[in-house]
Structures are given as structure tokens and as C-alpha cells.
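Taking it in order: structure first as C-alpha cells, then the write-up.
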Amino acid sequence: MYDITIIGAGPAGSTLARLLSVYFKVLLVEKRDYEKGEIKQEKCCGGLLAPDAQKILAKLGLGLPKDILSNPQLFSVCAIDFDNKIERNYQRHYINMDREKFDSWLISLIPDKAELLFGYSLKEIKKEENFHTLKLKSGNDTKFINTKIVVGADGAYSKVRQLSFNNVKKTRKYIAVQEWYKLKTGPAPCFYSIFDSEISDFYSWMIQKENSIILGSALDPKDNVTGKFELLKERVRDYGIDIDNPYKKNGTYLLRPQKSNQLYTGKEMVALIGEAAGWISPSSAEGLSYSMESALMLSESIKKDPDNFMTHYQKATRKLKYNIFLKNCKSHLMYNRFTRGLIMKSGVLSFNTFS
Ligand SMILES: Cc1cc2nc3c(=O)[nH]c(=O)nc-3n(C[C@H](O)[C@H](O)[C@H](O)COP(=O)(O)OP(=O)(O)OC[C@H]3O[C@@H](n4cnc5c(N)ncnc54)[C@H](O)[C@@H]3O)c2cc1C
């Protein structure tokens, strides 16, 4: 019988396992493989640590090892507005990193006391009187384990959320697509955010990683996703960025919480953290800070009162809810082509580049 079983070893799950395994009997289950200190399958992610995520790492007392970094480090956002035909640069400091190395590093920090089960997927949750029985599968192998607390840290397509709270309001989902190209005549080293209402009502991005360029977009699943991504490539080429055949492509779901009832922390002995709960910025899709912060909040709540932690967790996460509410207000300005055009034309807080 485990005290706590965490499903998903992304930044939320591995942070929680690290914080709780000293005090409780913890099992961390992850469907991806992990060998010789490395997560094997890639995650579709931009791999940028925004200032909020840097702050939460500092709160957790962590500093980033240098082998996780990816060149170059980025000091600005270049906003390209294809609707209004304007481009502006804004100062911002991102840590550019290799996402798989980041996840692997967080896993490596988990104390030996925790049990880790890689290559297994959660399939079923059965509620018994005082505990839960989980069915885990890896190929033909099936395991059943018992646990008092279940934590869903299993991301945007959370199985824990689907199995335990299917009646709860769904969070708006996008399909995120990313293609990787060999870097040729380089665009300036910054985080490009691209606005074009013909492609998406959210945004697209471009990030340099070592000798590659990632082009990505958050697209409405109801649209012709392939056609919209091709249109984005056409626009980027017309803008003067030399991309040809991608050598890699990946995609995944991306959540965009637009109402507070789309955020859900769980009930009784089943809790959700990270993107599984809906904790992700609706204005920028920055999710790493929320995943680690919600893990910290849940760990403090469980340590305070293991039998009634949900009340404490719900109270603590009001701050995250308010933060997402503010980001939604910002989104209304950012994603309306008229107000965005006005703000960008005013030039407030922007600067010119000379190269
Ligand atoms: C294209 C894209 C780009 C992004 N770029 C950035 C960025 O640059 N910066 C930023 O801050 N945020 C970014 N985000 C958001 C960020 O990636 C997520 O918010 C963050 O990874 C959430 O962390 P998490 O630990 O909650 O979930 P995840 O990182 O998604 O981890 C969930 C884990 O659970 C595992 N899992 C899922 N289901 C099961 C199951 N049934 N059984 C066992 N294990 C399971 C998965 O394999 C995964 O390892 C981006 C998102 C997308 C889609």
C-alpha cells in the first residue's frame, strides 16, 4: 500500500515526488522509458524557462546545471503581427534549454526512497473504501497497485482527470505542432511570437535550438491543422526566413483555460497538478512555472494534513486561479487584432534592433 501514487514524471510529478518521498511512501509512474539517467521519448515543447519558472526554481532551492542549456540564450521577444503587418521587439529573459534533459534532471533529484516505475501507463482507477486500486500496463504486462492518495500529474491529456472527473468542465484544447529545420541564414536570436488570425486565434512561435530552428503553432483541432501549418510556413518564408525540409516533426495537445471552472484541483483523495489541472498560461502557453508551483502547493498541503489536504490545496491554488484570470484579461487585448495593433503601433516598451 503506497501513501501517494503520482501518475506522470513531467516537471509537476517529479517535483512532487522529490518533495514528498522523504515523508511518505511514494510511487511515481511514468509511461515514457527512462534509461541511464535519460528520458527516452521526446516531449513537444519549446523548452523555454520564462522568468516565472526561473523564480519557482529559485523558491525550490534549485539552480540549473549547464548541460541542460541550449544555445543561444534569448533576451527578447520579437512579436510579428501578420494581421497588422507590424513587428516589435520586447525585452524578456528566457533560459533556452533541452526539455528532455530538464525532465531527466528533475527525475534525478528524486530521493532513492521513492519508487519509480517507468514504461507503465495508468489504465484504470478503482475506488475502494479507504484506498484506490490502480491498473498499470506496459505492453502485455499488467500490475495492480494500492494507494491511499492518487495524484494526476499526467499532463494535458490526463488519464486521471478522464477516469475520475469526466463530468468536470473540459478545458479548451489546441493541437500544438512543431517542425525542426537545420538553421541556415539565421534569424536574430530571440523568441519569435507570430500572430495571424487566418492561422490561429492563439499564436505560433519560432525558437533557435543549437543549429536548428523550431517552428510551432497552436492550432484549433476543428480547423484543417495540416493546411494551417502549411500556411504558416508560407508566411514565414515570405517574411524572409529560410526553412525547407523539416528533419523532425512532433505534436501534442495544449490546453488553454479560459474560465475558472475549467481549472480543477481534484476531490477527496485524488488530486490534479500541473497541466492535468489546467494550470497553464492562456496568454503564452507557459506551463513549467505552474507545474512546479502547483506541485509545491500540493506537497505543502499533504504535509500539513494528509487526511484533509484537498481543502488546503484548493485554498493555496486560489493564487494560481487569479493569475490565470489576469492572463485571460491580457489575452483579450493581445489576441484582438485591433487592440494588439494599437499597442504595437504605440511602441510602448519596445526597442529597435541594429544588426
Ligand atoms: C508545443 C508546446 C510548447 C510549449 N513550450 C513551453 C515553453 O517553452 N515553456 C513553458 O514553460 N511551457 C511550455 N509548454 C507547456 C509545458 O510543456 C507544459 O505546461 C508542462 O510540460 C506541464 O508539465 P506537467 O508536468 O504538468 O505535464 P507534462 O510535462 O505533460 O508531463 C506529464 C507526464 O505524464 C506522463 N503520462 C501521461 N499520461 C500517462 C499515463 N496514463 N500513465 C503514465 N504516465 C503518463 C507523460 O508521459 C508525461 O511525462 C509548451 C507546451 C506545448 C504543447
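The values are calculated or read from the model by the stated rules, or taken from the named source; none is laboratory data. Keep in mind it's a predicted model, so treat the numbers as computed, not measured. Cβ: placed from backbone, ideal geometry, glycine included. Neighbour counts: every protein chain shown.
Taking segment 128-161 as the range and being in contact (Cβ under 8 Å) with a residue 60 or more places away in the chain, within 14 Å of the ligand (Cβ to nearest atom) and assigned to a loop (DSSP other than H, G, I, E, B) as the test, the residues that pass are A153, D154, G155, A156, Y157, S158.
Consider segment 35-59 and keep the residues that are touching a helix residue (DSSP H, G or I) at 6+ places or on another chain (Cβ under 7 Å) and part of a loop (DSSP other than H, G, I, E, B). The one that is farthest from E275 (Cα to Cα) is G37. Here R18 qualifies as at pLDDT 95 or above, part of a helix (DSSP H, G or I), surrounded by fewer than 24 Cβ atoms within 10 Å (Cβ to Cβ) and not hydrophobic (A, V, I, L, M, F, W, C). Looking across S289, S299, one residue alone is within 8 Å of the ligand (Cβ to nearest atom) and out of contact with any Gly (no Cβ under 9 Å at 6 or more places or on another chain). It is S289.
When P51, P111, P65, P72 are screened for being surrounded by fewer than 17 Cβ atoms within 10 Å (Cβ to Cβ) and touching a Pro at 6+ places or on another chain (Cβ under 6 Å), only P72 passes. Only a single criterion out of (1) within 27 Å of Q73 (Cα to Cα); (2) within 11 Å of the ligand (Cβ to nearest atom) is not satisfied by I7, namely (1).
Being surrounded by 17 or more Cβ atoms within 10 Å (Cβ to Cβ) and touching a Lys or Arg at 6+ places or on another chain (Cβ under 6 Å) is a property that holds for A79.
Taking the criterion of being within 7 Å of the ligand (Cβ to nearest atom) and touching a Lys or Arg at 6+ places or on another chain (Cβ under 6 Å), the residues of segment 33-57 that qualify are K43, C45, G47.
The one condition from (1) in contact with a helix residue (DSSP H, G or I) (Cβ under 6 Å, 6 or more places away or on another chain); (2) over 22 Å from L349 (Cα atoms); (3) part of a loop (DSSP other than H, G, I, E, B) that I107 does not meet is (3).
From the list K304, K228, K249, pick out the single residue that is within 19 Å of the chain's Cα centre (by Cα) and either modelled with pLDDT under 95 or of a type in the set (K, R) (or both). Testing whether each residue is within 19 Å of the chain's Cα centre (by Cα) and either modelled with pLDDT under 95 or of a type in the set (K, R) (or both) leaves just K249.
Out of K327, K315, one residue alone is touching a Pro at 6+ places or on another chain (Cβ under 9 Å), part of a helix (DSSP H, G or I) and within 23 Å of Y264 (Cβ to Cβ). It is K327. Considering only residues of segment 262-296 that are surrounded by fewer than 21 Cβ atoms within 10 Å (Cβ to Cβ) and in a helix (DSSP H, G or I), which is modelled with the highest pLDDT? Among those that are surrounded by fewer than 21 Cβ atoms within 10 Å (Cβ to Cβ) and in a helix (DSSP H, G or I), it is L296.
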